[in-house]
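Scroll down for the structure; my scribbles are underneath it.
Here, each number is a calculation from the coordinates, and none is a lab measurement. Please read all numbers here as calculations on a predicted model, not as lab measurements. Cβ atoms come from the backbone with ideal geometry, glycine included; neighbour counts cover every protein chain shown.
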Amino acid sequence: MTYNVHSLLESYHSEKREIHAEKLHFSGVGDKDVYNITAPFENNGSSIIAGRVEARDTEHSEVVFFIEEAGEWKPAEGLQSFYLQDPFVIRIHGQLVFGGVEIFPHPEKEDALMWRTVFYKGQDVASLKKFAVGPDGMKDIRLVELPDGEVGVFTRPQGEKGGRGKIGFTSIKSLDQLDEKLLTEAPLIKEHFLDEEWGGANEIHILANGWIAGLGHISQFDNQGDRHYYPITFLFNSEKNEITDMEIIAVRDDFPPGEAKRPDLKDVLFSGGLVRLKNGKAEIYVGVSDAEAHKAIIPDPFTKYEN
């Protein structure tokens, strides 16, 4: 089934949802912005988040690990930073897997940038070592440990294969098999985004019944060329290679007013991670307008599939 922003927004606005949102506050990074954060994750007994730290007038950023103290997120002492964008984390086969987007000069276009996804693994943040690099031009690659022990790999090719950006999927036995060739050749999932829209997976969850569920985003340009990004969730059936039950779970107006990196990025929510709580609610962590990081308490979007 093909999904589109218009119909997903109509469905979202037709239901009343209780959402409590707030901006997260960061210090220790000067006047730089922190956005496109992960959800909190455990590192040697401490709860930390990774965030994209960047000056307002550049795309050159670093990922810094933050710890919360008295309601403020500060750089965690002794943890390295990485010259990457848009961090993500997951535990697979007992190891912490961390990654982000590396930018570098475009090989053919002067004054332009190219990008690729870089992967690290280790027992904790301090021991992370690079182990794989994705194809040039591919962001939004996400991994998950499947119920049978294999590793699910979600890709996001663009161009001849994926247009503006569609999701692909394959699986591997171990992280050692993750390489550029595998990521390039992973087949696309059956039709899910319109050709004029795009999106990707941001975090994969295995539900209590073993189903594969995704947190991601769907995006479009408007007639003025402004970008609009919306957090989505979906189910993925690996046997049918099919995405179902896609829905938007938040919009920019659900969050407090704030700044934007550029005027065309005002309506951008980039899903960083989702923490499921035990009361039917969930915390979603998002980058907002490429300039801020917020979180919100929302109805758990996956509970209905487990009942």
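Brief remarks on what is shown
- In the structure shown, the pairs LYS74/LYS266; LYS32/LYS173; LYS74/LYS121; LYS129/LYS281 are assessed against 31 Å; a Cα-Cα span above that value is assigned to LYS32/LYS173; LYS129/LYS281.
- Most fluctuating residue given options PRO40, PRO105, PRO135, as computed from a GNM of the chain linking Cα atoms under 10 Å: PRO105
- By the helix-only formula, in which each DSSP H run with n ≥ 4 contributes -39500 (n - 2.57) and the sum is divided by residues, the chain has a 222 nm mean residue ellipticity of -1500 deg cm²/dmol.
- Relative contact order for the chain, counting Cα pairs under 8 Å that sit 6 or more residues apart, in percent: 17 percent
- Calculated on the alpha-carbon coordinates, the convex hull of segment 207-289 measures out at 113 cubic angstrom per residue.
- Rounded to 5, percent antiparallel among DSSP beta bridges of the chain: 95 percent
- Within the chain, the longest run free of GluC sites (Glu not before Pro) that sit in a DSSP loop with at most 11 other Cβ atoms within 10 Å is 240-307.
- For segment 202-213, 3J(HN,Hα) per residue [Karplus equation, 6.51 cos²θ - 1.76 cosθ + 1.60, θ = phi - 60°, Hz, x = Gly/Pro]: 10, 6, 10, 10, 9, 7, 4, 8, x, 5, 9, 10
- Mean projection of the Cα convex hull over all viewing directions, computed for the chain: 15.9 nm².
- Qualifying trypsin sites (Lys or Arg not before Pro) in segment 167-211, DSSP loop, other Cβ atoms within 10 Å at most 10: LYS173
- Summarising the amide proton neighbourhood of GLY28: residues at separation of 5 or more, or on other chains, whose placed amide H is nearer than 5 Å comprise an empty set.
- The local environment of ILE297, defined by Cβ-Cβ distances under 12 Å, has a net charge of -1 under the rule Lys, Arg +1 and Asp, Glu -1.
- Antiparallel %, DSSP beta bridges [both residues in segment 155-307], to 5: 95 percent
- Among ASP124, ASP33, ASP267, residue whose mean-square fluctuation peaks in a GNM of the chain (springs only between Cα atoms under 10 Å): ASP124
- Taking 17 Å as the cut-off, the amide N atoms of segment 200-234 that come nearer than this to a point 7 Å along the Cα-to-beta-carbon line of LYS161 belong to 200-201.
- Build a GNM of the chain with springs between Cα atoms under 10 Å apart, and of HIS294, HIS25, HIS13 the one that fluctuates most is HIS13.
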